[in-house]
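*Asks:* Here's a structure for you.
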Amino acid sequence: MTLGAIISRNARMYPDKPAFVLGGRAVTFAEHNSRVNRLIHALHAHGLRVGDRLAILSRNSLEYLDVYGAGETGGFPVAPLNFRLTAGELSGIVENIEPRALFVQAPYFATAAELADILGPDVLLVAMDGSAPSGWASLEGVLASASDAEAQMPVAPDDVCYLMSTSGTTGRPRAAMLTHRGQWLDALALALEMRLGAADRHLATMPLFHVGGRAIVLAHTLRGCTVHLHDGFDASAVVREIATHRLTTTQVVPTMVSWLLDEPLEGGDLSSLRLVWYASAPMPVELLRRAIDRLGPIFIQGYGQT
């Protein structure tokens, strides 16, 4: 009951099936497993060991899921950071997490550079895309030089897999320590509630740094579903993606539902969509009525905590 077992199992059961899709790129379950194992071996080559923490500063991306997977399989607790925060706002979070490696998407290189004094000289800085700044490693570079042999790591169900930052409403954000067992059971409960099967195809627009966004994606991965990623929410792009790829599930907040209802749907057939999971804010009754009138009784309300 560790999350890395899901990755290796899917690679055996659905090797050539797309696991994750973003734009024109797709990664199969076998390719994802290979990249995860390469990253684990690369991190070991850089001196990281089980229990060392990985932080991520990025929008949704295929590489984001490589880092999540390496953390889950390799025993490195993953701390996803809110890319909307400034370096000043992130400083206390990073200081608390004490990561041994920080993975950064190109738009946030400058933010990461401002955190250098807090990170210290021993933290491995990895560029997830773009041209790596001086002194940094590039993700594709470290993957290319590493073995993809299955990593056999001593990871236990009650080990911490994620360090999710709380909102810090009444004080400094804290890192909620989530375990493999807890996240596996959460994913299983969601998969059962959503009646997910391997034929389902999910659209993920919620940020992967958020516990809700990660949990719903993990539930689909548990069932061997293909997950389509967006790195933000654009109503017209969502309609096109669902219609083109006949996607069956998605996750939104109520404001996104309002934007979708304001989008002309004549050019997009959304009949494949059988379930919309919404959470994170109250759903106005009148908005829900409009949504059901437009798309049918396919809405499920979720509630959770970090």
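*Asks:* Most exposed first by the Cβ proxy, i.e. fewest other Cβ within 10 Å, how do Asp186, Asp117 rank?
*Replies:* Numbers: Asp186 19, Asp117 8.
Arranged by neighbour count, lowest to highest, Asp186, Asp117 become Asp117, Asp186.
*Asks:* How far is it, in nm, from the label point at Leu192 to the one at Asn82 when both lie 7 Å from their Cα along the line to the Cβ?
*Replies:* Here the answer is 3.3 nm between the modelled labels.
*Asks:* Let me make sure I get this right: for the range 30-179, a, b and c are the square roots of the gyration tensor eigenvalues over alpha carbons, sorted descending. Under 1.5 in a/c it's rounded, otherwise prolate if a/b > b/c, else oblate. Which is it?
*Replies:* Since a/c reaches 1.5 but b/c is at least a/b, the shape of the range 30-179 is classed as oblate.
*Asks:* Here's a follow-up. Once every DSSP H run of n ≥ 4 in the chain is given -39500 (n - 2.57) and the sum is divided by its residues, what mean residue ellipticity at 222 nm do you get, rounded to the nearest 500 deg cm²/dmol?
*Replies:* Working: 12 runs with 124 residues, N = 306.
Using -39500 (n - 2.57) per qualifying helix, the result is -12000 deg cm²/dmol.
*Asks:* What residue among Leu247, Leu295, Leu143 shows peak mean-square fluctuation when the chain is described by a Gaussian network model with Cα springs under 10 Å?
*Replies:* Sorting by GNM fluctuation, first place goes to Leu295.
*Asks:* Using the Karplus curve 6.51 cos²θ - 1.76 cosθ + 1.60 with θ = phi - 60°, work out ³J(HN,Hα) for each residue of the range 269-282 in order, rounded to whole Hz, and write x for Gly and Pro.
*Replies:* Each residue of the range 269-282 in turn: 7, 9, 5, 6, 6, 10, 7, 10, 9, 10, 6, 6, 6, x Hz.
*Asks:* Got a sec? Charge dipole of the chain, +1 on Cβ for Lys and Arg, -1 for Asp and Glu; which of Ile56, Thr86, Ala70 is way out at the positive end?
*Replies:* Working it through, the farthest residue towards the positive pole turns out to be Ala70.
*Asks:* What does the charge count near Met128 come to, summing +1 for each Lys or Arg and -1 for each Asp or Glu among other residues with Cβ under 11 Å from its Cβ? Present the calculation step by step, with values, prior to reporting the outcome.
*Replies:* On the way: positive: Arg59; negative: Glu63, Asp66, Asp129, Glu140.
Its environment carries a net charge of -3.
*Asks:* Sort 99-105, 51-57 by the packing proxy (mean of other Cβ within 10 Å over each peptide's residues), most packed first.
*Replies:* Details: 99-105: 24.0, 51-57: 22.1.
Highest mean packing first, the order is 99-105, 51-57.
*Asks:* Here's another thing I want to ask about it. For Rg and Dmax of the Cα atoms in Å, pick the label among [x] 19.3, 77; [y] 19.0, 57; [z] 21.6, 68 that corresponds to the value derived from the coordinates.
*Replies:* Recomputing Rg and Dmax of the Cα atoms in Å here picks out [y].
*Asks:* Quick check: pseudo-label points 7 Å beyond the Cα along Cα→Cβ at Tyr303 and Met1, how many nm apart are they?
*Replies:* For Tyr303 paired with Met1, the spin-label model returns 2.5 nm.
*Asks:* What order, most packed first, do the peptides 3-11, 85-93 have when packing is the mean number of other Cβ atoms within 10 Å of each residue?
*Replies:* Working: 3-11: 20.4, 85-93: 16.1.
Highest to lowest by the protection proxy: 3-11, 85-93.
*Asks:* Separate question: Would you mind telling me which residue in Glu31, Glu72, Glu286 has the biggest mean-square fluctuation in a Gaussian network model of the chain, where springs connect alpha carbons within a distance under 10 angstrom?
*Replies:* It is Glu286.
*Asks:* If you don't mind, another one. Tally Lys/Arg at +1 and Asp/Glu at -1 over every other residue whose Cβ is under 11 Å from the Cβ of Ser91; what's the total? Before the final figure, lay out each step's value.
*Replies:* Details: positive: Arg172; negative: Glu89, Glu95, Glu114, Asp117.
So the environment of Ser91 carries a net charge of -3.
*Asks:* Using 0.36 nm per residue of separation minus the Cα-Cα distance, give me the extension gain between Ser131 and His44 in nm, one decimal. Please report the intermediate quantities before stating the final value.
*Replies:* Values: separation 87, 0.36 × 87 = 31.32 nm, distance 2.32 nm.
Gain on extension, Ser131 to His44, equals 29.0 nm.
*Asks:* Treat each spin label as a single point 7 Å out from the Cα along the C-beta direction, and report the Glu89 to Thr170 distance in nm.
*Replies:* 2.1 nm
*Asks:* Follow-up. Can you tell me the dipole magnitude for the chain around its Cα centre, using point charges on the Cβ only (Lys, Arg +1; Asp, Glu -1), in Debye to the nearest 20? Please report the intermediate quantities before stating the final value.
*Replies:* Numbers: 24 positive and 30 negative charges, 133 e Å.
Its charge dipole is roughly 640 debye.
Read the figures in this text as sums done on the coordinates, not as results from a lab. Because the structure is a prediction, the values reported are computed rather than measured. Virtual Cβ from ideal backbone geometry, glycine too; neighbours counted across all protein chains shown.
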